[in-house]
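The structure under discussion appears below in the form of structure tokens.
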Amino acid sequence: MENTKLKKFNIYTFFIIVSAVCGMALSLIVPISQTPDEGLHFYNMLMSYGTMELYAEEVQFMESSGMASFNDDNEVKLVDEQAYYDAGMKKYSYDLKLSDFSLSTWALKFWPGAIGFYLGVFLKMPIIVCHQMAELFALIFYIIMGVITLKLIPFRKEVMLFIMLMPMVLQQAGSINPDVIVNSCSFLATAYILHLKFREKKVGWKDIIILGLLGIELLIAKEIYVLILAGIFIIPLDHFELKIGKKFELAAFIKKFKVLFIVLMVIGTAACVYLLRNSVYGKVLLACIMQPGRTLLLFKFSVQSLKDYYLQTLVGCFGWLDTYVSYVFIMIFCLVLMYIMLFQKKEDIELSSRLTLGNRITFFVIAIAVSMLVFLAMITWSFELTKLNLNADLSAFREYLYKIVIILGVQGRYFIPILPMVLIPLGKGYEYRSKKFYVGVQLLFYLFCLGHVVKIVFVRFWG
């Protein structure tokens, strides 16, 4: 009986319990609109579903609850509980109908939370309950995707678990924003690629379709992270079986004309850059390529000036980016991560050793490329803050690079989707001697993490 109970209480059950408890706690304690850009994301969600009729009442709720002006003052203040409750218990007066919906492509950014929100609206729930249902459905989606990710990843499950239970990840998982899509799909894509790499069965069209669907979600949510799918190049072409009809084998054809396909990929990439040359991001990318020295200096100055901020917003910076975990917590966080990465079970060491140096380098290069694109994308934000004309030509953009000192707007949480690509292939590790001690350390950390995070967030907003 004891062995049966232990089997049932496995890593998947543990993930479900911790992510559900911590995610729901953060969702309930952090007031509506106080996770980063949640107000803007909610507005974009209404826009993408064609239900802007609800927005006027949403503005009224934000104003009467005090959330509209909550971050305007320099002084840190608490939530007015009575005003927040009174405003939140009102219902949307607009009688929403199915015929009101007019979906755009961007609706795929928010669909888990949107299901919960619109269900609440149709059930005539109070405004605050509708928001909580949106966050709950987003969290449920994250948990389902997380369990699938843990089941698929062939080794280093504890490292993936650690990443998926990071406080910053769980805050975003239980709120209205595209991050729940980006993080879930990025984690699952990395796990699925490693799964395909190590399984005996060859990669078929079904696997390509699954990765393609994940890619579509990433492309729509935050297009930069679609590069994570390039990790499929760690799988040899011999491991693919892509039949078209009865005779033609696509993978064998690509292998035969490998050089030609590489040339076509380079030409295709260059063509994409050319087509986007007049867009804001296209001009930024070309300007940075044409001014490599200045671009590298901006990277250097940014990292030197904001490295502590990047670390804090990676590990845990809650609410409106004003509720940080302590440096003691960050130190413990890093030590536990190092311990989990340093030690693992014997089977994981054997699987990890099958990753070649080329595989590890491929993952690392992808992570670096995504990181650089994150900075490049936020250069436009720095231009806007400096009130530079984004409709100017390419030569002006090259000059703009000398009018900013650092790249503003980058947060540590933007690097969370690539963490598995960096940490999981890193080193082979050593076999742990005591499984009880290994599991016990992690259990104590997650309990400490839950208590510390819930306490500082509750004190920040509710006193």
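The values are calculated or read from the model by the stated rules, or taken from the named source; none is laboratory data. None of these values were measured; they are calculated from a predicted model. Using ideal geometry, Cβ is built from the backbone for each residue, glycine included, and neighbour counts are taken over all protein chains shown.
Can you find a residue that is charged (D, E, K, R), more than 24 Å from Ala189 (Cα to Cα) and without any contact (Cβ under 8 Å) to a residue 40 or more places away in the chain anywhere in the range 254-262?
Yes, the range 254-262 contains a residue that is charged (D, E, K, R), more than 24 Å from Ala189 (Cα to Cα) and without any contact (Cβ under 8 Å) to a residue 40 or more places away in the chain.
Do we find a residue being among the aromatic types (Phe, Trp, Tyr), surrounded by 14 or more Cβ atoms within 10 Å (Cβ to Cβ) and closer than 29 Å to Lys206 by Cα anywhere in the range 231-243?
yes
Quick test for you: out of Ile330, Ile368, pick the one residue that is surrounded by fewer than 17 Cβ atoms within 10 Å (Cβ to Cβ), free of Cβ contacts under 8 Å to residues at least 40 places away in the same chain and part of a helix (DSSP H, G or I).
Ile368
Just to verify a result, which residue in the range 404-431, among those that are touching a strand residue (DSSP E or B) at 6+ places or on another chain (Cβ under 9 Å) and surrounded by fewer than 18 Cβ atoms within 10 Å (Cβ to Cβ), is modelled with the lowest pLDDT?
Lys428
Look through the range 83-101, keep the residues that are without any contact (Cβ under 8 Å) to a residue 40 or more places away in the chain and of a type in the set (A, V, I, L, M, F, W, C), and return whichever of them is surrounded by the fewest Cβ atoms within 10 Å (Cβ to Cβ).
By that ranking, first place goes to Leu98.
Can you list the helices (runs of 4 or more DSSP H) found entirely within the range 73-187 that contain at least 1 residues being in contact with a strand residue (DSSP E or B) (Cβ under 8 Å, 6 or more places away or on another chain) and farther than 26 Å from Leu211 by Cα?
Qualifying helices (runs of 4 or more DSSP H): 81-88, 127-152, 167-173.
Can you tell me which residues in the range 119-136 are crowded, with 23+ Cβ neighbours inside 10 Å and touching a residue at least 24 places away in the same chain (Cβ under 8 Å)?
Result: Ile127, Cys130, His131, Ala134, Glu135.
Going by the structure shown, is Leu408 of a type outside the set (S, T, N, Q), touching a Lys or Arg at 6+ places or on another chain (Cβ under 9 Å) and in a loop (DSSP other than H, G, I, E, B)?
Against the criterion (of a type outside the set (S, T, N, Q), touching a Lys or Arg at 6+ places or on another chain (Cβ under 9 Å) and in a loop (DSSP other than H, G, I, E, B)), Leu408 does not qualify.
Does the range 438-461 contain at least one residue that is touching a Pro at 6+ places or on another chain (Cβ under 8 Å) and more than 30 Å from Phe363 (Cβ to Cβ)?
yes
Of the numbered conditions (1) modelled with pLDDT of 95 or more; (2) more than 22 Å from Ile220 (Cα to Cα); (3) surrounded by fewer than 21 Cβ atoms within 10 Å (Cβ to Cβ); (4) not acidic (Asp, Glu), Ile115 satisfies every one except a single condition; which is it?
(2)
In the range 65-82, is there at least one residue being under 20 Å from Phe117 (Cβ atoms), touching a residue at least 40 places away in the same chain (Cβ under 8 Å) and out of contact with any Asp or Glu (no Cβ under 8 Å at 6 or more places or on another chain)?
no
Search the range 38-65 for residues being surrounded by 18 or more Cβ atoms within 10 Å (Cβ to Cβ) and part of a loop (DSSP other than H, G, I, E, B), and hand back the single one that is farthest from the chain's Cα centre (by Cα).
Thr51
Go through the range 181-203 and give me each residue that's of a type in the set (Val, Ile, Thr) and more than 16 Å from the chain's Cα centre (by Cα).
If the condition is that a residue be of a type in the set (Val, Ile, Thr) and more than 16 Å from the chain's Cα centre (by Cα), then Ile193, Val203 are the ones that fit.
Yes/no matrix, rows are residues, columns are (1) surrounded by fewer than 22 Cβ atoms within 10 Å (Cβ to Cβ); (2) aliphatic (A, V, I, L, M); (3) more than 23 Å from Leu150 (Cα to Cα):
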| residue | (1), (2), (3) |
| --- | --- |
| Gln172 | no, no, no |
| Ser184 | no, no, no |
| Val226 | yes, yes, no |
| Lys246 | yes, no, yes |
| Ala251 | yes, yes, yes |
| Lys255 | yes, no, yes |
| Val263 | yes, yes, yes |
| Leu276 | yes, yes, yes |
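Filter the range 377-403 down to the residues that are in a loop (DSSP other than H, G, I, E, B) and surrounded by fewer than 19 Cβ atoms within 10 Å (Cβ to Cβ) and list them by number.
Within the range 377-403, Thr386, Lys387, Leu388, Asn389, Leu390, Asn391, Ala392, Asp393, Tyr402, Lys403 qualify.
Among (1) part of a helix (DSSP H, G or I); (2) farther than 30 Å from Val453 by Cα, which single condition is Tyr339 missing?
Failing condition for Tyr339: (2).
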